[in-house]
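Asks: Structure provided below as C-alpha cells; questions to follow.
The values are calculated or read from the model by the stated rules, or taken from the named source; none is laboratory data. From a predicted model like this one, the values you see are computed outputs, not experimental measurements. Don't worry about glycine lacking a Cβ; one is built from the backbone with ideal geometry, like all the others, and counts go over all protein chains shown.
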Amino acid sequence: MVTKTFVDILVVALPFLYTGLVTVYGIAFFRNAVTVERLKRPYMLALLVLHLVYLGLRTVAFDHPPITTVYEIMTLLSAAMTMAYVYLEFRTNIRNTGFFILGLALIFQTVSSVFIKDLTVIPEYLHSLVLGFHVSAAMLGYTGISIAAVYGLLYLMLYHEIKSSRFGVIYSRLPNLETLETMSHKAEVFGFVALSVAIVIGLFWLPRVFREFSYLDPKLVGTIAIWVLYAIGLMSKRRLGWQGRKTMILALVGFAFVFIAMAVINISPSSFHTFH
Amino acid sequence: MNLFSVGISHHTASVDVRERMWLSADEAAGVLSALKEHFFAECMVVSTCNRTEVYGVLRDGDVDEGAVKRLLLDAKKADEGVRPDHFFTHHAGAAVHHLFKVAAGIDSMVIGDIQILNQVKEAFQSAGEHHVLGPIMNRLMQATLHVGKRVRTETTLCEGAVSVSYAAVELASKIFADLSRKWALLIGAGETGELTIKHLAGKGIGHIKIANRTRAKAEALVAELGGTVVDFEQIVDALRTVDIVVTSVNSPSYVVQPEHLYSVMRQRGNNPLFLIDIGVPRNINPASRKIENVFLYDMDSLNAIVDRNLEKRNAELPRVTTIIRQEMVEFFRWHRSLQVAPTIQDLHAAFEQVRQQEVEKNINRFRPEDRELVELVTRRIVNKLLHQPLSMLKEGSENGSGGPETINRVKVLRELFGIGIKSKRDE
C-alpha cells in the first residue's frame, strides 16, 4: 500500500522534476550561469536515482517489470536516456548538451506519466528473464538511436551557424563538429548493436511463447526494417566514406522513421507483440 | 592605509615611452632594492610591454611622489622623452583597486588579457625572492591573484579570440576535435597568414605545409616552424591532404576556384576543409562557400568574430566589477583587523605585566602549596577583566560594520590604558 502511494506520488512528480532539470540545463546552456552550472550535476544524479527507485517500486507494487505497455516502456526509455547521458557527460566531460538529450527524456516521461495504467494482472510469460533481456536490449537500442539523432541535430545547428558566420549561443556552447559527429556515430553503432541483440533474442524466444507468432507481424517487420535501414546507413558510411552533414541528416531521418514506425505499429491492434 | 602606486601604462603613455621605462628582471631587482631602501617598507614592481608600475607600503604616511618617479627615471636613464605627466599615482584604496583591475585584465589594452595575471604573479614571486615583501603586500597579492582567478573562472571575460589570427584558430577548434591530427597549408607568407600558422603550430597542429611564390621564404618559415615546402604550382593538389588552409597571397585573381574544390572534396572523401582567406584582394572565390563541408572565411567574417567577442567581453564588465568590489571589501576587512590584533596583544601584555609584578611582589605572603593557585586565580581575574573590551573589539573588526567605530574603540582603549604612549615615553 505504501509502495503504491509512493508510485502514485512519483508518477506525478517525475515530469515536474524533469522539467526542472531541463530548465537548469537550459539556463546553464543559454545564460552560462555559474551557480546553475554547479547545481545541474547533483540534480541530475538525484533525479536518476529517484527515477530508478520509481521503476523498482513499480515492479514491486504491480508484480512485474514496467515493460508491458508502451507507456511503461516510455518511462524505462526516459530513465535509459538519462542514464546514457550521465555516462556520456562523465565520460567525455562535455557538459553542454544535456538540455537537448534530457529534453527528450522529459517528453517520454511526461507522455508515460499521463497515460500509464496500473496493471496488476499480466500473463505468466511476462515474468520471463529472457523477456527482460529482450526489452532491455531494445531499450538500449532505441536510446542509442535517439541520442544519435540529438547529436545529429546539434551538429546540423552548429554546422549552419559556422557556415553562415552567425556565431550565437550554439557556437559558443557546443563542442566542435567533429566531436558531435563522433558522439552521434558511436551512439548509433551502440544502438544498432543493442537492437540486433533484441531482434535475435526476439526471433528465438517469441515463437516459443506466442502461439499466434507470425514473421509478418507489423512490429517485427517494422523493427527489422529499422535495423536494415541503419545497417545500410552504417555500411554506406564505412564503405563510401560518407562524412559530416550528410550522415547527420541520415541519423535524423532514421530517428524520424523509427518514431513514426513505432507510433503506427504500437497503435495497430493486429500485433501479437503487445504484452498486456 | 599607506599603500601607494606609481607607474606608466598604455592609458598614460605611448609605446615609445613605455619601451623606455620597461624593466628587465635585473633592472627590476635593482629598482626594488632602491625603493625599499628609500621609500617603502614593502614593495613590488610589475613591468610588461603595456605597463611599468610600482606598488608599495610607505615607511611614513607621506611620500615624495616626485622622488619615486625620479628614482624610476634614473634607473632607466629615461629623462629624455618621459615626462612626469606620463606617470599616474594612486593612494590607499585607489591603489588596491587599480591593482585588482590590472590582475582582472580590465585595465589591459585588449580587455580580458589572460597574460597579465601571470605577469603580476611573476612580479610578486620576484619581489619575494628579493625579500622586499611583508605581511601587507603578501596579503594584497593573495587577494589580487584571487581576483584574477575568480574573473577567469566565474566570468567569460577572457573567452573568445580578439585578433584575426586567433579567431581563425578558434574557428578551427570549433570544426576539428584534435588539431594534432590535422594538417595545415599556408599559401603565401604574408604577416597575418604567418601569424595564423604560428598560432596553429602553438596549438599543436599535426603537420604544416607552406607554399610561396618565393620558395626561399617558404623554406625559411619551414626551418622555423617545421613541416614541408610545397611548390606554388602544386597548391590545388596539396588541398587533398590538408584540413586547414590559410591563404595570404598578393594576387589579382582567385588562386582557388570552386571547381578546384569540388574535385578536391571528392578526392578527400568529403572530409571537412577549413579555408581562411586573409588575402586582400581575396584569394579564394567566395562561391566556394556553397560546397558542402567546405568552411570558407575571409577577413570580414574573421573581423566579425573579433567584434562579437569584444562585445561579449564588455558585457562581462559588471560581473568583474562586482568581484573586484567583493575582494576589496575582504581585503580592507582584513586590514582593519590588523589594527585590532596588535591592540589586543598589547592590552594582554600590559595586564599580564601588572599581574606578574604584583604576584612577584606578594608571592612570599602565601604558603608554597598555595602559590600555584595564586597564579591561576590572578590569570583568571585578568582574563575576565579583559573579556568584554576584547570581545567588542574583535566583533567590530570581524563583522566589518564599524570601520571608524572600531578605529575609535582602538584609540580609546590605547589612551585609557596607556598602550603605545608609555613605550614612547620610555623611549
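Asks: From the set of residues in the range A:241-257 that are out of contact with any Gly (no Cβ under 6 Å at 6 or more places or on another chain) and in a loop (DSSP other than H, G, I, E, B), which is nearest to A:Ala149 (Cα to Cα)?
Replies: A:Gly244
Asks: Among the residues of the range B:146-160 satisfying the criterion of being of a type in the set (Val, Ile, Thr) and crowded, with 20+ Cβ neighbours inside 10 Å, which is farthest from B:Leu317 (Cα to Cα)?
Replies: Residue satisfying both the conditions and the ranking: B:Val147.
Asks: Hey, does the range A:232-240 have a residue that's crowded, with 16+ Cβ neighbours inside 10 Å, out of contact with any Gly (no Cβ under 8 Å at 6 or more places or on another chain), away from chain B (no Cβ under 14 Å) and not charged (D, E, K, R)?
Replies: Within the range A:232-240, one or more residues are crowded, with 16+ Cβ neighbours inside 10 Å, out of contact with any Gly (no Cβ under 8 Å at 6 or more places or on another chain), away from chain B (no Cβ under 14 Å) and not charged (D, E, K, R).
Asks: In the range B:123-143, how many residues are within 18 Å of the chain's Cα centre (by Cα) and under 17 Å from B:Gly93 (Cα atoms)?
Replies: Number of matching residues: 7.
Asks: State which residue is farthest from the other protein chains (Cβ to nearest Cβ) when the search covers only the range B:169-199 and only residues that are buried (at least 21 other Cβ atoms within 10 Å of the Cβ) and of a type in the set (Gly, Ala, Ser).
Replies: Restricting to residues being buried (at least 21 other Cβ atoms within 10 Å of the Cβ) and of a type in the set (Gly, Ala, Ser), the top hit is B:Gly188.
Asks: Continuing with this model, one more query. So for the range B:299-317 (the condition being assigned by TED's automatic domain parsing to the domain that holds B:Asp243, within 30 Å of B:Thr155 (Cβ to Cβ) and at pLDDT 90 or above), does at least one residue qualify?
Replies: The answer is no, given that none of the residues of the range B:299-317 is assigned by TED's automatic domain parsing to the domain that holds B:Asp243, within 30 Å of B:Thr155 (Cβ to Cβ) and at pLDDT 90 or above.
Asks: Checking A:Lys186 against (1) over 17 Å from the mean Cα position of the chain (by Cα); (2) within 14 Å of chain B (Cβ to nearest Cβ); (3) assigned to a helix (DSSP H, G or I); (4) among the basic types (Lys, Arg), only one condition comes out false. Which one?
Replies: Going through (1) over 17 Å from the mean Cα position of the chain (by Cα); (2) within 14 Å of chain B (Cβ to nearest Cβ); (3) assigned to a helix (DSSP H, G or I); (4) among the basic types (Lys, Arg) one by one, A:Lys186 breaks only (1).
Asks: Restricting to the range B:144-179, name every residue that is more than 15 Å from the chain's Cα centre (by Cα), hydroxyl-bearing (Ser, Thr, Tyr) and in a helix (DSSP H, G or I).
Replies: B:Ser165, B:Tyr166, B:Ser173 - these are the residues of the range B:144-179 that are more than 15 Å from the chain's Cα centre (by Cα), hydroxyl-bearing (Ser, Thr, Tyr) and in a helix (DSSP H, G or I).
Asks: Select from the range B:122-134 the residues that are in contact (Cβ under 8 Å) with a residue 24 or more places away in the chain and part of a helix (DSSP H, G or I) and list them in ascending order.
Replies: Hits for the range B:122-134 are B:Ala123, B:Phe124, B:Ser126, B:Ala127.
Asks: Looking at A:Leu158 and the list (1) touching a Gly at 6+ places or on another chain (Cβ under 8 Å); (2) over 20 Å from A:Leu76 (Cα atoms), which single condition is not satisfied?
Replies: (1)
Asks: Continuing with the same structure: Can you find a residue in the range B:206-224 that is within 14 Å of chain A (Cβ to nearest Cβ), at pLDDT 90 or above and closer than 21 Å to A:Gly241 by Cα?
Replies: No; the residues of the range B:206-224 include none that is within 14 Å of chain A (Cβ to nearest Cβ), at pLDDT 90 or above and closer than 21 Å to A:Gly241 by Cα.
Per-residue answers, yes or no, for (1) away from every other protein chain (no Cβ under 12 Å); (2) part of a helix (DSSP H, G or I); (3) under 25 Å from A:Gly98 (Cα atoms):
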{"residue": "A:Phe167", "(1), (2), (3)": "no, no, yes"}
{"residue": "A:Thr182", "(1), (2), (3)": "no, yes, yes"}
{"residue": "A:Leu195", "(1), (2), (3)": "yes, yes, yes"}
{"residue": "A:Val200", "(1), (2), (3)": "yes, yes, no"}
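Asks: Name, by its number, the condition in (1) facing chain B (nearest Cβ under 10 Å); (2) touching a Pro at 6+ places or on another chain (Cβ under 7 Å) that does not hold for A:Gly132.
Replies: Unmet condition: (1).
Asks: Could you list, ordered by first residue, the pairs with Cβ atoms under 7 Å in which the first is in the range B:372-391 and more than 15 Å from B:Ala350 (Cβ to Cβ) and the second is part of a helix (DSSP H, G or I) and hydrophobic (A, V, I, L, M, F, W, C), at least 6 apart or interchain?
Replies: Listed pairs, sorted by first residue: B:Val374/B:Val359; B:Val374/B:Ile363; B:Glu375/B:Val359.
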